[in-house]
Amino acid sequence: MKKFLAPNFAPELISQLRNYGKLMRIDKPIGIWLLLWPTMWGLWLAGDGNPDQGLFVVFALGVIVMRSAGCVLNDFVDRKIDPYVERTRTRPIASGAVAPMEALILFAALSLIAVGLATMLNHPAQMLAIVAAGLTVAYPFVKRFISIPQLILGAAFGWAIPMAFAAQTGETPQLAWLVFGTAMIWAIIYDTFYAMVDREDDLKVGVKSTAILFGDVDIFVIAGLQLLMLLALLLVGYHANLSVWYYLSVFIAGMMMAYHLWLARDRQPAGCFAAFLHNHYIGMVVFIGIVLHYTFNPDIM
């Protein structure tokens, strides 16, 4: 029996697992990076350059699990919209490769894993994790009702920062919220580039976004938000008493922001999408600056 069933069953199982992976966007790790970098900012700053190794593992896994869960829920909620958007019509639920009920079961399984990870944190971090879960669930729905859904996305992507401070130190000081605010501004920037790709389709299906809200002044507003983010990064450096290594990373991040504006200058989908994808290097460069500070200036207080 096994001789005849296994060859037919195995390829179907592997194919469906691949569909689940696509539903979780495992094949597109950009979202993981955009969520991971600010989380690492928070962990390293909270731990004065030496975060707890166990917390590092928990938060790294949490980033992957929560981003995957958010993608699954987002596609389930958008299952009647995605088939009419050029960029999303081939997504697993929209194309029929994964049934809506399968997506819900997968979301539930990922949520249980996230709950398991949260139980490894202290009580203050667990309380903040409840808020993180609420933000993750809320985002797919708010883009139908408010004009700045990127604000909720930014809160969801940045909430790991106060969680990291709470898990590492038992409290969320002013620095934690300053870094959180910086991450929120950054999310609005890169997700506006992302939304500019789908602007015409979103107008047709009634999905709201900052790309639609900003309209013809989108590039100008993004430039203003970039300047605001740079100012916030400088304030982070001041409050954390960081050294020249960090400020050098902020300077490089500023050069990258100018490059992103150049990529999106004509508002062509390809250029806007390239600016979005390249944004994660900003998070990486800032993180490298923080690590270099604690590596070469460990005694600065």
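Each residue in the range 227-246 was checked for being on the phi < 0 side of the Ramachandran plot and of a type in the set (S, T, N, Q), and 1 pass. Residues that are touching a Leu at 6+ places or on another chain (Cβ under 8 Å) and small (Gly, Ala, Ser) were ranked within the range 105-160; the one that is farthest from Ile188 (Cα to Cα) is Ala129.
If you take the residues in the range 238-248 that are without any contact (Cβ under 8 Å) to a residue 60 or more places away in the chain and surrounded by fewer than 20 Cβ atoms within 10 Å (Cβ to Cβ), which one is farthest from Phe287 (Cα to Cα)? Across the range 238-248, the extreme among qualifying residues is Tyr238. Picking from residues in the range 186-236 that are in contact with a Cys (Cβ under 8 Å, 6 or more places away or on another chain) and within 18 Å of Ile152 (Cβ to Cβ), the one that is surrounded by the fewest Cβ atoms within 10 Å (Cβ to Cβ) is Tyr194. Criterion first (farther than 19 Å from Leu35 by Cα and either touching a residue at least 40 places away in the same chain (Cβ under 8 Å) or in contact with a Ser or Thr (Cβ under 9 Å, 6 or more places away or on another chain) (or both)) does Tyr294 satisfy it? When the stated conditions are applied, Tyr294 passes them.
Return a yes/no flag: does the range 164-178 have any residue that is farther than 27 Å from Ala258 by Cα, in contact (Cβ under 8 Å) with a residue 60 or more places away in the chain, of a type in the set (Phe, Trp, Tyr) and part of a helix (DSSP H, G or I). Yes: the range 164-178 contains one or more residues that are farther than 27 Å from Ala258 by Cα, in contact (Cβ under 8 Å) with a residue 60 or more places away in the chain, of a type in the set (Phe, Trp, Tyr) and part of a helix (DSSP H, G or I). Within the option set Ile252, Ile290, being crowded, with 19+ Cβ neighbours inside 10 Å, more than 30 Å from Asp82 (Cα to Cα) and under 22 Å from the mean Cα position of the chain (by Cα) holds for one residue only, Ile290.
Out of the residues in the range 82-105 that are crowded, with 20+ Cβ neighbours inside 10 Å and touching a residue at least 60 places away in the same chain (Cβ under 8 Å), state the one that is nearest to Gly62 (Cα to Cα).
Taking the range 82-105 first, the residues crowded, with 20+ Cβ neighbours inside 10 Å are 82, 91-93, 98, 103.
Remaining after also requiring touching a residue at least 60 places away in the same chain (Cβ under 8 Å): 91-93, 98, 103.
On the way: Arg91: 24, Pro92: 23, Ile93: 24, Val98: 24, Ala103: 19 Å.
Selected residue: Ala103.
You will find that of Arg25, Arg67, the residue that is of a type in the set (Lys, Arg), touching a Cys at 6+ places or on another chain (Cβ under 8 Å) and closer than 20 Å to Tyr194 by Cα is Arg25 and no other.
Taken together, the values in this text are just the output of simple stated rules run on the coordinates, not laboratory data. The structure presented is a predicted model; accordingly, all values stated were derived computationally and were not measured. Virtual Cβ from ideal backbone geometry, glycine too; neighbours counted across all protein chains shown.
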